[in-house]
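Notes follow the structure.
The values are calculated or read from the model by the stated rules, or taken from the named source; none is laboratory data. Note that the structure is predicted; figures quoted are calculated from it, not measured. No Cβ is skipped: glycine too gets one built from the backbone with ideal geometry, and neighbour counts run over all protein chains shown. Note: accessible area is taken over every heavy atom of the protein model, side chains too, but ligands, DNA and RNA are not part of it. Shrake-Rupley method; radii C 1.70, N 1.55, O 1.52, S 1.80 Å.
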Amino acid sequence: MSSMTPYWRASFKTVPLEEVEYGRFDAFVMESGPRGSPFIGYDLSRPRPIAHDEGKPLSGTKAGGGAFDGRAVLDTITDSRNVVVSGLPAGFKLSAGDYVEFRMTLLTRSLHRITADATANSSGVVSLRIMFGLDTQNFNTAAVVDFEKPATVMMIDPGSVQAPKSWGDRSGSFSATEVFIYEP
């Protein structure tokens, strides 16, 4: 595991849990705790671009043909904050604040926010300006771009897990911070 400045921190809280659900929560935090394994986290309130969030996974047809499932191609890294993406449906709209993920491997991911509205042209190509610079030492045009549940790799912060205190208060919570894992 490598370390770098984390861009993302999050707090998670469950709804009240039944006994079986609490068992799953407990198992998850034990496995993903500070000495455990990382997990993939994404913003539940914004799982896809706002213009296309109809409460179901992205779908459609890419410009030029082929099924679209939210994944696209990183064509060009102009600089760490400007990229060109292809493989989108014609007219695919992206809004400032939408998330975009760049993924080299299952655990080598980089999550960013789009900082300016952009629309794919008739060929399914769009230029994006992103918040936080893309690490060009570890990410290149072989990265997969994802707009469906764009995520980052996280680990639970030490001491942050709050288990249910009683059967009257059966919700759990924890906080987590992004970690960077480089898998060659």
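Points to keep in mind about this one:
- Residue match in the range 144-167 (condition: over 26 Å from Val29 (Cα atoms), touching a residue at least 40 places away in the same chain (Cβ under 8 Å) and open to solvent by 40 Å² or more (accessible area, probe 1.4 Å)): yes
- Among the residues of the range 76-92, those identified as part of a strand (DSSP E or B) and out of contact with any Leu (no Cβ under 8 Å at 6 or more places or on another chain) are Thr76, Thr78, Asp79, Ser86.
- Candidate set from the range 65-82 (those that are free of Cβ contacts under 8 Å to residues at least 60 places away in the same chain and among the hydrophobic types (A, V, I, L, M, F, W, C)); member that is most open to solvent (accessible area, probe 1.4 Å): Ala67
- Search result, residues across the range 119-137 that are open to solvent by 10 Å² or more (accessible area, probe 1.4 Å) and either among the basic types (Lys, Arg) or over 10 Å from Phe102 (Cβ atoms) (or both): Thr119, Asn121, Ser122, Ser123, Val125, Ser127, Arg129, Met131, Phe132, Gly133, Thr136, Gln137
- In the range 23-52, of all residues being farther than 29 Å from Asp69 by Cβ and open to solvent by 60 Å² or more (accessible area, probe 1.4 Å), the one that is modelled with the highest pLDDT corresponds to Met30.
- Yes/no for Ala90 being open to solvent by 50 Å² or more (accessible area, probe 1.4 Å), over 22 Å from Ser127 (Cβ atoms) and without any contact (Cβ under 8 Å) to a residue 40 or more places away in the chain: no
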